[in-house]
Amino acid sequence: MADSADSQDNGHGTHAINPTIIALRETLCSETTPLPVRFRALFSLKHLARRADNSTPEGSAEARAAIDSIAAAFSSPSALLKHELAYCLGQTGNHSAAAPHLRRVLENVEEDSMCRHEAAEALGALGDASSLDVLRRFRERDGEDVVVKETCEIAIDRIEWENSEQRKKEKLRQSDFASVDPAPPMPESEKSVSQLGETLMDTKLPLFLRYRAMFALRDLASPPDLPTAVPAIHALAQGFRDSSALFRHEIAFVFGQLSHPASIPALTAALSNLEEASMVRHEAAEALGSLGDEEGVEETLKRFLNDKERVVRESVIVALDMAEYEKSEEAEYALIPEVAGTA
């Protein structure tokens, strides 16, 4: 019988797994492999999971093998890596293969809150109504971490929006970003940057609506030479004043997507604030990594290589690797190893 790492039965028979997936899984799950290399392996597996043709038995088996390989690394002690695993699973668009892994992470109350929050967000990104029960359970759970509660709230709203009649009527601007976000941008309208900024900071509104303003502002800041880009960056930076660590961390994530130099002062301030939540500081570090070709960014990051918070230290290591990539000629921040015919 073939080893389970080398074959997979998806209900249509057993199919040999792409040897590249096996090699990437080994790299991702190895605690002796440098973290930046493991991240590159992760993004390669996400790419393979997304590109697989699920209409064929072979493609479905390949997608599931890539997703199972990502989930295998949840045994790692690194909260940074595990939260990134959850994010990538949510981006695969494959609910049947990814959701069981994500539910297990969310339901494990001993797991780091940053990982559990990301698992809830990923279930929201997958958009399937069958996840609503588990998300509602942890939104209402007594003693639950506020970051997890807030994420469940947003994920529930996103799934309900995804499956609503309202969604069909909304005219959304085509985004420059391929990511499945925690909330869609607000519909195309005449709303100005200042109006969106007011919605962003209105704490009386549901988080989901404020997130929609956040992603609308993001889209007004791309491409970077738009006349609305710098004003939108400044409006987004106000989000670092919000009382929610979840909200602040999402602002940093959006800045990482935009990679706009105007965000460097706000990101540097967030990373440098030792009183800030580690989930915000880590996201600020990674966002700065996407700006690694800008003057002074690498020097800023290196100041935090020995930070007291592990997740910040590890984020800086990954960010510095991203900074090297930004200065290189590489087309993708990923690792597709040569496995066939190697010695």
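The values are calculated or read from the model by the stated rules, or taken from the named source; none is laboratory data. No experiment lies behind these values; they were computed from the predicted model shown. So basically every Cβ, Gly included, is an ideal-geometry build from the backbone, and we count neighbours across all protein chains shown.
Details
- Selection count where residues are in a loop (DSSP other than H, G, I, E, B) and not aromatic (Phe, Trp, Tyr), scope the range 140-179: 17
- For the range 240-272, a residue qualifies if it is more than 23 Å from residue 115 (Cβ to Cβ) and of a type outside the set (A, V, I, L, M, F, W, C), and the qualifying residues are 241, 259, 260, 261, 263, 265, 268, 272.
- In the range 24-46, the residues that are closer than 20 Å to residue 94 by Cβ form Cβ pairs under 8 Å with partners that are acidic (Asp, Glu) and buried (at least 19 other Cβ atoms within 10 Å of the Cβ), at six or more places apart or across chains, as follows: 42/84.
- Test: residue in the range 23-35 that is surrounded by 22 or more Cβ atoms within 10 Å (Cβ to Cβ), of a type outside the set (Ser, Thr, Tyr), outside the structural domain of residue 249 (by TED's automatic domain parsing) and touching an Asp or Glu at 6+ places or on another chain (Cβ under 7 Å): no
Conditions (1) of a type in the set (Asp, Glu); (2) at pLDDT 95 or above; (3) buried (at least 19 other Cβ atoms within 10 Å of the Cβ); (4) not assigned by TED's automatic domain parsing to the domain that holds residue 206, marked per residue:
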| residue | (1), (2), (3), (4) |
| --- | --- |
| 239 | no, yes, yes, no |
| 242 | yes, yes, no, no |
| 246 | no, yes, yes, no |
| 269 | no, yes, no, no |
| 272 | no, yes, no, no |
| 283 | yes, yes, yes, no |
| 287 | no, yes, yes, no |
| 315 | no, yes, yes, no |
| 318 | no, yes, yes, no |
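- The condition (being under 30 Å from residue 131 (Cβ atoms), outside any loop (DSSP other than H, G, I, E, B) and among the polar types (S, T, N, Q)) is satisfied by just one residue among 238, 257: 257.
- Apart from one condition, residue 188 fits all of (1) surrounded by 15 or more Cβ atoms within 10 Å (Cβ to Cβ); (2) in contact with a Lys or Arg (Cβ under 7 Å, 6 or more places away or on another chain); (3) charged (D, E, K, R); (4) in the same structural domain as residue 229 (by TED's automatic domain parsing); the exception is (1).
- Selection status of residue 235, within 21 Å of the chain's Cα centre (by Cα) and without any contact (Cβ under 8 Å) to a residue 60 or more places away in the chain: no
- From 125, 98, 71, residue being out of contact with any Gly (no Cβ under 9 Å at 6 or more places or on another chain), in a helix (DSSP H, G or I), closer than 27 Å to residue 28 by Cα and in contact (Cβ under 8 Å) with a residue 24 or more places away in the chain: 71
- Test set (1) in a loop (DSSP other than H, G, I, E, B); (2) at pLDDT 95 or above; (3) surrounded by 19 or more Cβ atoms within 10 Å (Cβ to Cβ) - residue 232 fails condition number: (1)
- Among the residues of the range 281-297, those identified as within 19 Å of residue 39 (Cα to Cα) and of a type outside the set (Gly, Ala, Ser) are 281, 282, 283, 286, 288, 291.
- Residue within the range 191-199 that is modelled with pLDDT under 95, in contact with a Lys or Arg (Cβ under 6 Å, 6 or more places away or on another chain), part of a loop (DSSP other than H, G, I, E, B) and farther than 22 Å from residue 291 by Cβ present: no
- Any hit, the range 133-146, residues being touching a Phe, Trp or Tyr at 6+ places or on another chain (Cβ under 9 Å) and either touching a residue at least 60 places away in the same chain (Cβ under 8 Å) or hydrophobic (A, V, I, L, M, F, W, C) (or both): no
- Residue match in the range 293-302 (condition: at pLDDT 95 or above, within 21 Å of residue 47 (Cβ to Cβ) and assigned to a helix (DSSP H, G or I)): no
- When 129, 119, 73 are checked against the criterion of being crowded, with 24+ Cβ neighbours inside 10 Å and at negative phi, 119 stands alone in meeting it.
- As a summary of the residue check, residue 159 satisfies the conditions (1) over 15 Å from residue 90 (Cα atoms); (2) in the same structural domain as residue 93 (by TED's automatic domain parsing) except for the one numbered (1).
- Of all residues in the range 185-206, those that are among the basic types (Lys, Arg) and within 12 Å of residue 220 (Cα to Cα) total 1.
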